[in-house]
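Participant: One structure is given below, represented as structure tokens, and several questions about it will come after.
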Amino acid sequence: MAREGSSIDKTLAVLEALAEHHRVTDIAVATGVSKSTVHRILQALVTWGFARPDGLGTYEPGPRILTLAGRVMHRFDPARQASGALLALRETTGFTTHFAIRSVDEAVYVDKQEGRRPYQMPSRIGMGVALHTTAIGKAILAELSDEEVLAICRRTGLAPRTPRTLTSEEDLLTHLARVRAVGYAVDDEENEPGIRCVGAAVFDHTGQVLGGISVSTLAMDMGMAGLEARAPEVIAAARDVSAALGAVAPTAR
């Protein structure tokens, strides 16, 4: 609501409401701004190209929004947007944190913050990892349909990385059902022997899964139950990253 806001607040509220509402009355209700003020703001937005009348008494977003969005997205760096949340997660947990983006049938690390433990993880920025063996990868898969997951499985073959890797389609789908239920994924020495991870999905401005973030530690340093106890922090950090990338707040599971 922008009823008590400044003229800039009201203008931005009207511009945002224009994405979902097209009639002056509906925009006024959505923003709490009077109809006369909404109409005046819309006329200014039309002049600037951020709105356009459709000739039926309603308004649509204007072409300048797309032009501006294109310029911004050209320079948009997801890793830079995620860095603050990734650093904060490292500070609160002490674990190594990763941010990876899906690239077709794998995930690629685009940011990594080493933990405060007296060891370093073997991962590196630019490294590609399998989706079915990693916490980030399984968090990504859980946001896809079973049909999409199976298509990926058949392209990759579900190659084992360790004796604990899930290598059957049935086992993976069962595992992903749990991931969807709890909101996070685990890697219990499935990608690298002796390493455990908890990860959660990250979404882009369209609401589609983009990648995920995770915390990682040595298995000898912490049991799976202790690591899973930090899952709420990982989920919260993933939501912060998603918000920084323009995603709307997810609905409750």
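The values are calculated or read from the model by the stated rules, or taken from the named source; none is laboratory data. Computed from a predicted structure; not experimentally measured. Methodologically, a virtual Cβ is constructed for each residue, glycine included, from the backbone with ideal geometry; neighbour enumeration extends over all protein chains shown. Calculation scope for accessible area: heavy atoms of the full protein, side chains included, ligands and nucleic acids excluded. Shrake-Rupley method; radii C 1.70, N 1.55, O 1.52, S 1.80 Å.
Participant: Over the stretch 162-253, what is the mean sequence separation of C-alpha contacts under 8 Å (at least six apart), divided by residue count, expressed as relative contact order in percent?
Facilitator: Reported relative contact order: 26 percent.
Participant: Each label point is 7 Å from the Cα along the Cα-to-Cβ direction; what then is the distance between the points at Ser145 and Ser103, in nm?
Facilitator: Each label point is offset 7 Å from its Cα along the Cβ direction, giving 2.7 nm.
Participant: Might you report the magnitude of the Cβ-based charge dipole of the stretch 84-150 about its Cα centre, with Lys and Arg at +1 and Asp and Glu at -1, to the nearest 20 debye?
Facilitator: 520 debye
Participant: Continuing with the same structure: Please give the solvent-accessible surface of Thr167 in Å², to the nearest 10, using a probe radius of 1.4 Å with every protein chain present.
Facilitator: Counting only protein heavy atoms, Thr167 exposes about 70 Å² to solvent.
Participant: I've got another one for you. Heavy atoms only, probe 1.4 Å: what % of the accessible area of the chain goes to carbon and sulfur, would you let me know?
Facilitator: Reported share for carbon and sulfur atoms: 55 percent.
Participant: So how much slack lies between Leu66 and Arg154, counting 0.36 nm per residue of separation and subtracting their Cα-Cα distance, in nm?
Facilitator: 27.9 nm
Participant: Sticking with this one: Measuring from label point to label point, each 7 Å out along Cα→Cβ, what is the Met127 to Leu56 span in nm?
Facilitator: The answer from the label model is 5.5 nm.
Participant: With n ≥ 4 as the cut-off for DSSP H runs, can you work out [θ] at 222 nm for the chain, using -39500 (n - 2.57) per run divided by the number of residues, rounded to the nearest 500?
Facilitator: -13500 deg cm²/dmol
Participant: Treat every Asp and Glu Cβ in the chain as -1 and every Lys and Arg Cβ as +1, leave all other atoms uncharged, and give the resulting dipole magnitude about the Cα centre to the nearest 20 debye.
Facilitator: Using Cβ point charges on Lys, Arg, Asp and Glu, the chain gives about 760 debye.
Participant: Still on this model: What nm value, rounded to one decimal, do you get for the distance between Thr92 and Thr25 when each label is placed 7 Å out toward the C-beta?
Facilitator: In this crude spin-label approximation the distance works out to 4.5 nm.
Participant: Additional query: How much net charge surrounds His98 when only other residues with a Cβ under 9 Å from its Cβ are counted (Lys, Arg +1; Asp, Glu -1)?
Facilitator: 0
Participant: Stretched out fully, how many nm does the piece from Thr162 to Ala219 gain, at 0.36 nm a residue minus the Cα gap?
Facilitator: 19.1 nm
Participant: Just for the Cα atoms in the stretch 128-253, what are the lengths along the principal axes, largest first, rounded to whole Å?
Facilitator: On the principal axes, the stretch 128-253 reaches 39, 36, 25 Å in Cα extent.
Participant: Next question. Read phi for every residue in the stretch 199-210 and hand back ³J(HN,Hα) as whole Hz from Karplus 6.51 cos²θ - 1.76 cosθ + 1.60, θ = phi - 60°, with x for Gly and Pro.
Facilitator: x, 9, 6, 10, 10, 9, 5, 8, x, 8, 5, 9
Participant: When you count, for each residue, the other Cβ atoms within 10 Å and take the mean per peptide, how do 90-100, 220-230 rank with the highest first?
Facilitator: Taking the mean over residues of other Cβ atoms within 10 Å, the ranking is 90-100, 220-230.
Participant: Follow-up question, since we're still on this one. Kindly write out, for the stretch 106-117 in residue order, the coupling ³J(HN,Hα) from the Karplus curve 6.51 cos²θ - 1.76 cosθ + 1.60 (θ = phi - 60°), rounded to whole Hz, with x marking Gly and Pro.
Facilitator: For the stretch 106-117, the Karplus curve yields 8, 10, 10, 5, 10, 7, 8, 10, 5, x, 9, 7 Hz.
Participant: Of (1) 54; (2) 60; (3) 65, which is the value of percent of Cα pairs over 22 Å apart derived from the coordinates here?
Facilitator: (2)
Participant: Could you grab the relative contact order for the chain? Cα pairs under 8 Å, six or more apart, rounded to a whole percent.
Facilitator: Rounded, it is 15 percent for the chain.
Participant: Next question, about the same structure. Using the heavy atoms of the protein chains and a 1.4 angstrom probe, tell me the accessible area per residue for the chain in square angstrom.
Facilitator: Result: 52 Å² of accessible area for each residue.
Participant: What's log10 of I(q)/I(0) for the stretch 161-220 at q = 0.28 Å⁻¹, Debye sum over Cα points only, no solvent?
Facilitator: Cα-only, vacuum Debye calculation for the stretch 161-220: -1.19.
Participant: Once you charge only the Cβ atoms, +1 for Lys and Arg and -1 for Asp and Glu, what is the size of the charge dipole of the stretch 123-253 about its Cα centre, to the nearest 20 debye?
Facilitator: Value, rounded to 20: 140 debye.
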